[in-house]
Amino acid sequence: MKATAKAHTNIALIKYWGKRNDELILPTNNSLSITLDGFYTTTSVAFKQDLTEDTFLLNNTPIVGEQHQRVTSFLNLVRKLAGKELYAEVKSMNAVPTAAGFASSASGFAALAAAASKAIGLNLSESELSRLTRQGSGSACRSIFGGFAEWQKGARVDGSDSFAVQVAPKEHWDIRVAAVVLSSKMKKVSSRAGMKRTVESSPFFKGWVESIPADLDAIKQGISDRDFQKVGEIAEANCLKMHATTLGANPPFTYWLDTTVTVMQTVQQLRDSGIPAYFTIDAGPNVKVLYLPQYEEEVKRTLQGIPGVSDVKLSKVGQGITFLEDETLA
Ligand code: FM0
């Protein structure tokens, strides 16, 4: 009753920002992301008779408290689905530099869901796995798929039609993402808390939700046509709209630092100089920059030269869930 799975993180071009059901993790809007090959989590899960509780090792360190609680709550869903009561030993290795500002929860819950469901004997389809993963962390449901994935919000109250689908495989289009890491940090409003406050109090939230269907139609056409300018422009504008909603919340907040804005302006200057590049930003200060492979050197050099930038990590489009035979983690 043991399995090991690897999942990559993803970056949303159309953001998931707002829930209609906090407990089932049901979103107010569809979202669309690129799975990234550079950042991933490998997790092994072993269900055992002799355990008296779930154990969770992350990067060889025992985890207790809230993070452990989230893993246990998720395993409860898996146990319920399988009709089995066994506790599990969970071991995860994160190749997602937390400092890179990627939510490791996306690759983390995708790998956990895949490994746990296989280990306990559930034989889930990718859609079923995505639906299960969603209940650990919303954005993670997109990481089941490689390439370009859309999380369809669904309409049912029980969430049975809320899961991701693949829009295009990674072979469809070689575009790149630079993760720009800033040296200064700030106290973070988690994406979970931030989106909740926005839904409850921002007058701009309604406009955000209404703007999604058009963005989504246009970006899917852009992906299908491999139209980099179209995809970049929509992604950048969608990110700005999401961040605008936080300024209208009560109390207001922003994820941006001064260097965040400097990176955004530098990306705009790159475009003015003839290099197509576009930014997107999640619930944190770090910026992700979309670019085409032929401009890699220049984009990297420019971003690294910005004062206040500590690192730039490059990634290609990545693959979906894989199961590993190698049991070194377990
Ligand atoms: O990834 O409360 O998945 O679409 O990263 O666990 O469901 O951490 F910019 C924000 C991520 C949201 C956009 O939210 O929330 C995106 C965000 P949970 P997540």
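Here is a list of conditions, (1) touching a residue at least 24 places away in the same chain (Cβ under 8 Å); (2) touching a Lys or Arg at 6+ places or on another chain (Cβ under 8 Å), and E85 meets all of them except one; can you say which number that is?
So E85 meets the others, but not (1).
Among the residues of the stretch 180-196, which ones are within 20 Å of the chain's Cα centre (by Cα) and open to solvent by less than 70 Å² (accessible area, probe 1.4 Å)?
Across the stretch 180-196, the qualifying residues are V180, V181, L182, V189, S190, S191, A193, G194, M195.
Could you tell me whether V209 is over 16 Å from S33 (Cα atoms), touching a Ser or Thr at 6+ places or on another chain (Cβ under 7 Å) and in a helix (DSSP H, G or I)?
Against the criterion (over 16 Å from S33 (Cα atoms), touching a Ser or Thr at 6+ places or on another chain (Cβ under 7 Å) and in a helix (DSSP H, G or I)), V209 qualifies.
Whether any residue in the stretch 90-106 is within 16 Å of G318 (Cβ to Cβ), assigned to a loop (DSSP other than H, G, I, E, B) and of a type in the set (V, I, T) is what I want to check.
yes
Is it the case, given these coordinates, that A99 is surrounded by 15 or more Cβ atoms within 10 Å (Cβ to Cβ), in contact with a strand residue (DSSP E or B) (Cβ under 6 Å, 6 or more places away or on another chain) and either assigned by TED's automatic domain parsing to the domain that holds S183 or modelled with pLDDT under 95 (or both)?
Against the criterion (surrounded by 15 or more Cβ atoms within 10 Å (Cβ to Cβ), in contact with a strand residue (DSSP E or B) (Cβ under 6 Å, 6 or more places away or on another chain) and either assigned by TED's automatic domain parsing to the domain that holds S183 or modelled with pLDDT under 95 (or both)), A99 qualifies.
Among the residues of the stretch 69-79, are any out of contact with any helix residue (DSSP H, G or I) (no Cβ under 6 Å at 6 or more places or on another chain), small (G, A, S) and within 15 Å of Q135 (Cβ to Cβ)?
Yes, the conditions are met somewhere in the stretch 69-79.
Considering (1) of a type outside the set (D, E); (2) open to solvent by less than 20 Å² (accessible area, probe 1.4 Å); (3) at pLDDT 95 or above, say which one T322 fails and leave the rest.
(2)
What's the number of the only condition in (1) crowded, with 21+ Cβ neighbours inside 10 Å; (2) assigned to a helix (DSSP H, G or I); (3) touching a Gly at 6+ places or on another chain (Cβ under 9 Å); (4) of a type in the set (A, V, I, L, M) that V199 fails to meet?
Result: V199 passes all but (1).
Quick one: would you say E128 is open to solvent by 10 Å² or more (accessible area, probe 1.4 Å) and modelled with pLDDT of 95 or more?
The answer is yes for E128.
Which residue is nearest to the chain's Cα centre (by Cα), if the candidates are limited to the stretch 1-46 and must be away from the ligand (no atom under 14 Å from the Cβ) and open to solvent by 10 Å² or more (accessible area, probe 1.4 Å)?
The residue in question is Y40.
Which of the residues belonging to the stretch 62-80 are more than 11 Å from A116 (Cα to Cα), open to solvent by 70 Å² or more (accessible area, probe 1.4 Å) and more than 22 Å from the chain's Cα centre (by Cα)?
P62, V64, K80
Would you point out the residue of the stretch 267-296, among those that are under 15 Å from Q229 (Cα atoms) and of a type in the set (D, E, K, R), that is surrounded by the most Cβ atoms within 10 Å (Cβ to Cβ)?
Of everything passing the filter in the stretch 267-296, R271 is surrounded by the most Cβ atoms within 10 Å (Cβ to Cβ).
Within the stretch 246-266, take every residue that is within 16 Å of the ligand (Cβ to nearest atom) and free of Cβ contacts under 8 Å to residues at least 40 places away in the same chain and give me the one that is surrounded by the fewest Cβ atoms within 10 Å (Cβ to Cβ).
Taking the candidates together, the pick is T254.
The values are calculated or read from the model by the stated rules, or taken from the named source; none is laboratory data. Since we're looking at a predicted model, the values are computed, not measured. Here the Cβ is made from the backbone with ideal geometry for all residues, glycine too, and neighbour counts use every protein chain on show. For accessibility, only protein heavy atoms count, side chains too; no ligands or nucleic acids. Shrake-Rupley method; radii C 1.70, N 1.55, O 1.52, S 1.80 Å.
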